[in-house]
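Nothing in this text is a laboratory measurement; each read-out follows from the coordinates by a stated rule. A quick note: this is a predicted structure, and the numbers were derived from the prediction, not measured. Please note: Cβ atoms are built from the backbone with ideal geometry, for glycine as well, and neighbour counts cover all protein chains shown.
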Amino acid sequence: MTDQDFVNSGVDSTLTKPSNLDQQGSAPSFRTALNGTTISYKVSSGRTFYGLMARDLRVLSKNLGEFASRTAMQPFLFVFVFAYLFPKIGQGFSGSVGRNISFATILVPGLVGVAATMSGIMAVGLPLAIDLGVTKEIEDRAMAPVPVWLIGLEKIVFGAIQSLISALIVFPLVILIPSTPVQVHVANWPLLILVIFLACLISGAFGLTLGSMVQPVKIGLMFSLLVLPLTMLGCIYYPWSSLSSVRWLQIAVLINPMVYVSEGLRDVLTPALPHMAVWAFLMALMITAAVLLFAGLKLFTRRVMS
Amino acid sequence: MKEKVLQVVELVKTYTGLRPVHAVRGISFDVMKGEIFGLLGPNGAGKTTTVGIATTRVVPTSGTVLVDSVNAISDPQNAKMRMGVVTQFNTLDRSLNVRENLYYHCRYFGYSSKEAKARADELLELFQLTDKVKSKPIDLSGGLAQRVQLARAIAHYPKLLFLDEPTAGLDPQSRLALWEVVKVLQEQGVTVILTTHYMEEADVLCDRVAIVDHGKILKVDTPENLKKSLGASTFLDLKFVETTTDDLSKIEAMDEVLEIEQLTDRVRISLKDSDSVAIVIQKAVTMGLKDVSIIEPTLESVFIKLTGRELRD
Ligand SMILES: Nc1ncnc2c1ncn2[C@@H]1O[C@H](COP(=O)(O)OP(=O)(O)OP(=O)(O)O)[C@@H](O)[C@H]1O
Ligand SMILES: [Mg+2]
């Protein structure tokens, strides 16, 4: 209905007159409620949080196909070329890992880790940057009856969920596609769950931090300056210990949180590979998660409230 | 004694930065239950900032806002429960369709899925949006988008509705339609705070208007009183076949006439009130009246008088 029709149809007769409202069934409650007599203004942060999550999941479900193919594409091509094709055509990097471990095995934790980490950044960071900087859609959710930081926390949790889904999509690919044997063995399930939990949390919090910080026009720049080095120097395609021959780099990459995700997963998924000590990556992951969580919520609140 | 639904007390907002902006410099006003209260002012007057503080999205430098007796600054969560907002820009959720926009808004306010569905459908019906259920916000015309935003803003039965320049950029038809809805909402007990820089809008809709400029309120009153404060309620411009000084002094002597001014081709008469129009015209007819025009004073003229300049539009 156009506004012309809207006026012609006579809003007053359909909205104001009680007789008309009565015919519309539920309309009388609209009247009384607006008069403020039947409304209890009770706040429930939990229900609001759940509502915000329901909205994000709904949007995700609309784009599930797109999301899945976007997530799968890069790791699929990567394992296909380097772990399926290269061994077949006699090219390859067995690297200095030795012990008869295939490159495909090295890739398993690396690619799962990078998919999980990047997924949250993409799922939370990109839309949020546009939301805060251009469309201002967030304003409606900012009016939801919860503290603003809780709206940010919901984004983090949602990012973490997508992150987990990404890991689950990529895992079978990196196991099944390679033409060389892949040695995956989970000995410590609780540790696996803890590492994945921390990786997903970091991913969501990283997304919130970046999304609240980066101007929409700078998104391209962010990718070349941040996301690329993060992955290339994140011990994804090589174990951290093998960097010992380039000592300065081995130390320098320690500021990259991606390293601890890769190394953590290397420990829990492919224990045959050399990896960082458990206490080291766990501590680093927890500190990273805490810092990003704090920074993300702080920055987000500051962007929403001026 | 009428209930105060909104109390704004000594509000100050200075945006810090390299060059601090004194957006709001001590604004106070009360809004009574059931009122449509207008904040009228030019660009940059501080209207959006004032609304932003009241709706908890802008942190004030100092001052207090009470929404239905809840302190919006110290208890934003409870304050947000009680108000609805239509912001200056379209903030419909572009990832959702019209119905989902309403549905999820209700969910944010704690409705169960079933309650939210029922409320969304009810609103679609009431706002006559039933044929736009599946439309995406980007495909809606300005007027329709605004109607959806309005439906969404009142979905959780707020006591207080903020409308920040609700008709900016709308065509006259859509503007009229929106005014209708706002009036209906008022009849149903919603208190409305509306910002605008359209004089006509403030005049037609608002029970009381605050004229804001440079972060301060210059005057608060009913549109009627604001116009009266100019000294006359209505002007009459008369053209005679022949203007004689004798006739003019007769008109000037009338009780209904405040002042008379002879312009090149006509005579401008300021009247005590708009009820005097007929009496003066009757008299003028006997003197060979050729043409007449009635000039109602506008808020525009009030604004110019108060600020010494025109409203930028
Ligand atoms: N986030 C901000 N940071 C710095 N300055 C701001 C910010 N928001 C608004 N201002 C400034 O504060 C002043 C008042 O702005 P405000 O948006 O409240 O005016 P307004 O009356 O709503 O005007 P308009 O008719 O343009 O919407 C302006 O000078 C504006 O530039
Ligand atoms: Mg404004």
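Tell me the volume per residue, in Å³, of the convex hull enclosing the alpha carbons of chain B.
Hull volume normalised by residue count: 171 Å³.
Summing Lys, Arg as +1 and Asp, Glu as -1, what charge do residues with Cβ under 11 Å from the Cβ of B:SER28 carry, B:SER28 excluded?
Result for the neighbourhood of B:SER28: -1.
Roughly what % of Cα-Cα distances in region B:231-296 sit above 14 Å, to the whole percent?
It works out to 49 percent of all Cα pairs.
Run the simple label-point estimate for A:LYS136 and A:ALA290 please: 7 Å along Cα→C-beta, distance reported in nm.
With each label placed 7 Å out from Cα toward Cβ, I get 3.9 nm.
Take the Cβ-Cβ distance between A:ARG70 and B:SER74 as r, set R0 to 45 Å, and report the resulting FRET efficiency rounded to the nearest 0.05.
0.55
Among DSSP bridges having both ends in the protein assembly as shown, what percentage is antiparallel? Round to the nearest 5.
That works out to approximately 65 percent antiparallel.
In µm²/s, what is D for region B:146-190 at 37 °C and 0.692 mPa s, where D = kT/(6 pi eta Rh) by Stokes-Einstein and Rh is the Kirkwood radius from Cα pairs?
Reported coefficient: 300 µm²/s.
How high is the FRET efficiency from B:VAL133 to B:GLU200, r the C-beta distance, R0 51 Å, rounded to 0.05?
After rounding, the FRET efficiency stands at 0.95.
Whole-Hz ³J(HN,Hα) for each residue in region A:188-202, computed from phi via Karplus 6.51 cos²θ - 1.76 cosθ + 1.60 with θ = phi - 60°, x for glycine and proline: what do you get?
Residue by residue, region A:188-202 yields 10, 4, x, 5, 4, 5, 5, 5, 5, 4, 5, 4, 5, 4, 4 Hz.
Give, in whole angstrom and from largest to smallest, the semi-axes √(5λ) of the equivalent ellipsoid of region A:43-304, with λ running over the eigenvalues of the Cα gyration tensor. Can you show the working numbers first?
On the way: eigenvalues 229, 70, 58 Å².
Equivalent ellipsoid semi-axes, largest first: 34, 19, 17 Å.
Once the piece of chain linking B:GLU10 and B:PHE89 is laid out straight, how much longer is it, given 0.36 nm per residue of separation minus the C-alpha distance between them? Don't jump to the answer; show the numbers that get you there.
On the way: separation 79, 0.36 × 79 = 28.44 nm, distance 2.68 nm.
Answer, rounded to one decimal: 25.8 nm.
Given charges of +1 on the Cβ of Lys and Arg and -1 on the Cβ of Asp and Glu, with all other atoms neutral, how large is the dipole of region A:43-304 about its Cα centre, in debye to the nearest 20?
140
Rg to Rh for region B:1-65: what is it, with Cα atoms only and Rh by Kirkwood? Could the numbers behind the result be given before it?
Details: Rg = 12.5 Å, Rh = 12.5 Å.
My calculation of the ratio gives 1.00.
Distance between Cα centroids, region A:130-172 to region A:69-87: provide it in whole Å.
One Cα centre to the other: 29 Å.
Label points 7 Å out from Cα along the Cβ direction at B:ARG19 and B:VAL241: separation in nm?
In this crude spin-label approximation the distance works out to 6.4 nm.
Between region B:95-131 and region B:1-23, how far is it from one alpha carbon centroid to the other, in angstrom?
Each part reduced to its Cα centre gives a spacing of 33 Å.
Could you state, as a whole-number percent, how many of the C-alpha pairs of region A:111-242 are farther apart than 24 Å? Mind dumping the intermediate values first?
Details: 3197 of 8646 pairs.
The calculated P(r) of region A:111-242 puts 37 percent of pairs beyond 24 Å.
Residues with amide H under 5 Å of B:THR61's amide H, sequence separation 5 or more or different chain, H placed in the peptide plane at 1.01 Å from N; which?
Hits under the 5 Å cutoff: B:VAL12, B:LYS13, B:THR14.
Can you grab the distance from the C-alpha centre of region B:237-270 to the C-alpha centre of region A:181-197, Å, no decimals?
97
To one decimal place, what orientation-averaged projected area in nm² is obtained for the convex hull of the Cα set of the protein assembly as shown?
Over every viewing direction, the Cα hull of the protein assembly as shown projects on average to 36.3 nm².
Would you kindly derive the ³J(HN,Hα) couplings of region B:94-105 from the backbone phi angles with the Karplus curve 6.51 cos²θ - 1.76 cosθ + 1.60 (θ = phi - 60°), listing them in order in whole Hz, with x for Gly and Pro?
Couplings: 6, 7, 10, 7, 4, 5, 5, 4, 6, 4, 6, 4 Hz.
Given the pairs B:LYS2/B:LYS159; B:LYS80/B:LYS117; B:LYS159/B:LYS228; B:LYS216/B:LYS305; B:LYS219/B:LYS305, which span a C-alpha to C-alpha distance of over 23 angstrom in this model? Kindly include the intermediate steps, with their values, before the conclusion.
Working: B:LYS2/B:LYS159 14 Å; B:LYS80/B:LYS117 21 Å; B:LYS159/B:LYS228 31 Å; B:LYS216/B:LYS305 16 Å; B:LYS219/B:LYS305 11 Å.
Correct reply: B:LYS159/B:LYS228.
Apply the Karplus curve 6.51 cos²θ - 1.76 cosθ + 1.60, θ = phi - 60°, to the phi angles in region B:190-201 and return the couplings in whole Hz, x for Gly and Pro.
Going residue by residue, I get 7, 8, 10, 10, 10, 9, 6, 10, 9, 4, 4, 4 Hz, with x marking Gly and Pro.
Assuming R0 = 45 Å, what is the FRET efficiency of B:SER274 and A:MET305, from their Cβ-Cβ distance, to the nearest 0.05?
On the way: r = 47 Å, r/R0 = 1.05.
It comes out at approximately 0.45.
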